[in-house]
Amino acid sequence: MLVDSLAWQERFEDWIEDGLVREQLDEAARAIVPFDHDNVLRVLDEMVADRIGSEKESVLLPTDTLPSLATRDMGAKVLRGAGHLITKGQHDEAIAYLESEEVQGDSDALYLRTQLLDQAERDGHPSDRLTVISEYEAALRHDRKGAHADHARLRIGQIYLGLRFFDEARINFEKALRADLAQPYRDFALISYAESTYHDKDNAKTLETLESLDPNQFSGELSVWYYRRTGDTYFRLHRFTEAVEAYYKLLDLKSGPVTTYPLVALRIATSLLAIGESEEADSYLKPIFKQDPPQEYSAIAGLLVSHSLRAKQSYPEAAIVAAKVIDMTSDLHESALATVQMLEADRLGGDNQRGPLPRSILTLATRTPSDPVSGLLAYRVAIHRDILGPEVIRQRLGNLMALMPDGPVRELVHDDLGSRLEVILRDIYLGVVPLDEMVLSETQRYLRPHSLDENGILLAIDGFSKAGMREACIQWGNALGDRDVRPIRRGAGIWRAIQCRNIRSEDLTTADNLIDIADNGEVGAFSMAITTVAAELMVRIGRVLRATRAYERALQSFAQRDIAAPSLIRLGELQIKSGKIKLGMQRVSRGLALMDSESDAQNSFRKMGIIALAQGAATANDTKRLASLLKQDRRYIDDWWKPAYGYIGYRLGVGVAPTGDDIFSEAATAMREVDRLERRVNKLKNPEGKPTPKPAPAQATEQ
């Protein structure tokens, strides 16, 4: 007799749930921690730093990089005709000469004329500047060699840079640098190229270009430019220690109060705050913040002063300064950042009961959060006071997240909402709170498994499973199976998805698909569990030999005893059923050896194993191992099973028949009478006592 496949599968699934799955869920529950609200400060501080770093700046092109007239190697005729006029400052007359028929077609005349036009139009209208570029390009088509050609290549890029056509500027500088410019044009081109990539916000390329220059060869205006742009680039990259070092070298070259270079001072102070030097930062911030009347950067300086006070744990003072910023600025983004700063200072100081916020702030907070600053304010206002209850706050966060573009603020809102739901899911699993279908619906509606922590995903899957939300359970289980996490976690997700599919149908294709999943090496210890579901499907459609081979293949590469034990027992049972008696008994014995403690005696799989071993022993007439197991386990099993084991032993000749008023004792009494009658019949049929040969065991065939 073979144990019913569905019954065995359901018992095995319970075994996996109580063992492997429970272990993973316990680990996930321990790993869940509440949301760290200091993440708000991290995003806030990065926003302030990015705002300071992205302030629109003038192009800083040192005058030393603007080349003088390139007359070297020019022909004597051109120099004689135009040189004395240039020397006298009579540029218009020189241009007229260079346009005359006397030098028509002379490339030197063309270049010199364009250079003079360039000098004359250096501060001219953009259309005139673009005309100069066209003249340089025409000259280069005429003659591409010599110092005047290098001069032309450099100036084309510099004119585009001065016009703030940064893409065109960097393209032309890259072309010029590939042309192997002679000095000093090459260094001038590198400096101008770094300036163009800086304004194009290609910080990596800017830094690479700056590092290719030797600052020791610079002096005066060039040194000021070099250390300013080096500090600015490090600042944008949030490499604040290196930014401070560069800025300090810059300050060695500058003089005057910090209010004369406020943007640099703000960047120095922000860098100092980032590396924990708040006292030093104050010396740069307070003169700018306290200007009367407030100047362009006073409000931003106030935000940083509040940050500095917060770093010193002077939270009430930090909130007061932030409130002053709100009053002094008309810029809504500065007001928004100051409001978040004020609310965070209140939170850190233990005062989360600030009254109604200004109408202007609430108006900004209720706008569609299309930019990060208004999004951060909307989020912070949404969680400002929890008097409406956690459900309302979760709903606010979910609706807010749906309106936000991707970025740090949306990630912050997602993490906060996800953490709130994860804590509840953990408590549901631990039994601290009852199953809450609203929480599970919110999890499914607002969160996506690809963006959630693996521990939260697993706890959500458990909740979906308990609530009967099968589609969500399958979707999230498969998503965890696709994540780049430990195989056992992927296996836990896929296993739960399989459970929620409630696979019971007699479908060989489904079984083959499950075998493929189990064999792919991505599901860890759940490989054997998934193989079991597939093998039992095969059993139910009569493919017992295929089921046996599936078990055998899985067990060859599997060593986790708490799963291997019942699987070995089942494999042995199938092999005994298939006629492989000796091999089947060996498998069963190995499985029983893996669950051999006193407490295991009550285990259903061990009892199934002993029954299977008894079936094999009856056929093979090999009862030695069975006798030992029956004697051992009878001491620990319950009262119902003791006479059952006694009956098995009695029938196989390795024990005494049970006596009592239970069904097994009654069966033993009846069988003794049957045996007595059978002996009398046999004696009558075979008075000489010759042995009667037993029929050979039937060999199973694959259906």
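The values are calculated or read from the model by the stated rules, or taken from the named source; none is laboratory data. Just so it is clear, the model here is predicted, and its values are computed rather than measured. Quick reminder, even Gly has a Cβ in these numbers, built from the backbone with ideal geometry, and neighbours come from all protein chains shown. Ligands, DNA and RNA are excluded from the accessible area calculation, which covers all protein heavy atoms including side chains. Shrake-Rupley method; radii C 1.70, N 1.55, O 1.52, S 1.80 Å.
For every helix of n ≥ 4 consecutive DSSP H residues, a contribution of -39,500 (n - 2.57) applies; sum these over the chain, divide by its total residues, and give [θ] at 222 nm rounded to the nearest 500 deg cm²/dmol. Spell out each step's value before the answer.
Values: 35 runs with 480 residues, N = 703.
When only DSSP H runs of four or more count, the value is -22000 deg cm²/dmol.
Using a probe of 1.4 angstrom, how much of the accessible area of segment 186-297 is carbon and sulfur, in percent?
Numbers: 2240 of 4880 Å².
Solvent-exposed carbon and sulfur of segment 186-297 make up 46 percent of the total.
What shape does segment 102-150 have by the C-alpha gyration tensor, where a ≥ b ≥ c are the square roots of the eigenvalues, rounded means a/c under 1.5, and otherwise prolate means a/b greater than b/c and oblate the rest?
prolate
Counting only the heavy atoms of the protein chains, how much of Val381 is accessible to a 1.4 Å probe, in Å² to the nearest 10?
Roll a 1.4 Å probe over it and Val381 shows about 30 Å².
Among (1) 3, 14, 19, 20, 17, 12, 7, 5, 2, 1, 0, 0; (2) 3, 11, 13, 13, 12, 11, 10, 9, 7, 5, 3, 2, 1, 0, 0, 0; (3) 3, 14, 22, 23, 19, 12, 5, 1, 0, only one was calculated for this model; which label is it, if the read-out is P(r) over Cα pairs in 10 Å bins from 0, in percent?
(2)
In whole Å, what is the distance between the alpha-carbon centres of segment 89-132 and segment 598-663?
Result: 112 Å between the Cα centres.
For Lys580, go through the aspartates and glutamates and keep the ones whose alpha-carbon is under 15 Å away, minus same-chain ones fewer than eight residues off.
By straight Cα distance, Lys580 reaches Glu552, Asp622, Glu702.
Whole number in Å², please: accessible area per residue of the chain, 1.4 Å probe, ligands, DNA and RNA not counted. Before the final figure, lay out the partial values.
Working: 33430 Å² over 703 residues.
For the chain, the per-residue accessible area is 48 Å².
Percent of accessible area on segment 76-180 owned by carbon and sulfur, 1.4 Å probe? Spell out each step's value before the answer.
Numbers: 2510 of 5300 Å².
The value for segment 76-180 is 47 percent carbon and sulfur by accessible area.
Taking a probe of 1.4 angstrom, what is the accessible area of Cys500 in Å², to the nearest 10?
Approximately 10 Å² for this residue.
Given a 1.4 angstrom probe, I'd like the percentage of the accessible area of segment 574-647 that is carbon and sulfur, rounded to a whole number.
So the carbon and sulfur contribution to the accessible surface is 49 percent.
Given +1 on the Cβ of Lys and Arg, -1 on the Cβ of Asp and Glu, and no further charges, what dipole in debye does segment 235-329 carry about its Cα centre, rounded to the nearest 20? Numbers along the way, then the final one.
Details: 10 positive and 11 negative charges, 34 e Å.
In debye, rounded to 20, segment 235-329 gives about 160.
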